[in-house]
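What follows is a short report on a single structure.
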Amino acid sequence: MYSRNVNNQEFTFGVSGLLYKANVLMYDRQTESLWSQAKRQAVAGPMTGAKLAVLPSVLTSWEKWVKRHPDTMVLSLDTGYNRDYDSDPYASYYKSSRGFFSLFDAGPGEEEKALVAGLVLNGTARAYPLDLLRKAGPITDRLDGLTLTIAHDAQTDRISVSSADGSELEVIVLYWFVWKGMYPQSSLYRQ
């Protein structure tokens, strides 16, 4: 999740319907620039190169969320439109092992649609499989000369990455094939 404030200006974002390396591009209604979710920046238009600030977020289940935030309000299904909101139009995509428009060639032990926590540090990219983080507990890794601790909180599903000095680093959760498409030189952490 990203802040909609960029360079002291508030933007309103929408879905462009365009894909870049199998990742949906957003656009802003103010300048019509295109923004890459995975790169966290504008990739075309007047805002090209402008960065999006990452906001805290988690990929979790409704059950875990409502347990921690019982006063959460959700949108009504009474939208005024005749639509069946009980079925997910992307259900078959989530179940598929192949990515949408993927040109990815998975290596040994890699799953194209495995969820990973992606991290870029001084231009060096690495992905950490969520399944591993959920099972292994905190792991220690070295990236670009820094010692990192990567942890998964089972109660909140939050992924955190911190350096030895205690500073927290930004991480994004997405499919491995999307991350690898954006960062072709990225390595996949293996224990």
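The values are calculated or read from the model by the stated rules, or taken from the named source; none is laboratory data. This is a predicted model, so every value here is computed, not measured. Glycine also receives a Cβ, built like all others from the backbone with ideal geometry; neighbour counts cover every protein chain displayed. When the accessible area is computed, the model is the full protein with side chains, heavy atoms only, and any ligands, DNA or RNA have been set aside. Shrake-Rupley method; radii C 1.70, N 1.55, O 1.52, S 1.80 Å.
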Select from the range 48-74 the residues that are under 23 Å from the mean Cα position of the chain (by Cα), without any contact (Cβ under 8 Å) to a residue 24 or more places away in the chain and closer than 27 Å to GLU10 by Cβ and list them in ascending order.
-> THR48, GLY49, TRP65, HIS69, THR72, VAL74
Can you work out which of the residues in the range 34-57 that are farther than 27 Å from SER160 by Cα and either of a type outside the set (A, V, I, L, M, F, W, C) or not in a strand (DSSP E or B) (or both) is most open to solvent (accessible area, probe 1.4 Å)?
-> PRO46
Filtered residues of the range 3-33 (kept if part of a strand (DSSP E or B), crowded, with 18+ Cβ neighbours inside 10 Å and of a type in the set (A, V, I, L, M)) = VAL6, LEU25, MET26
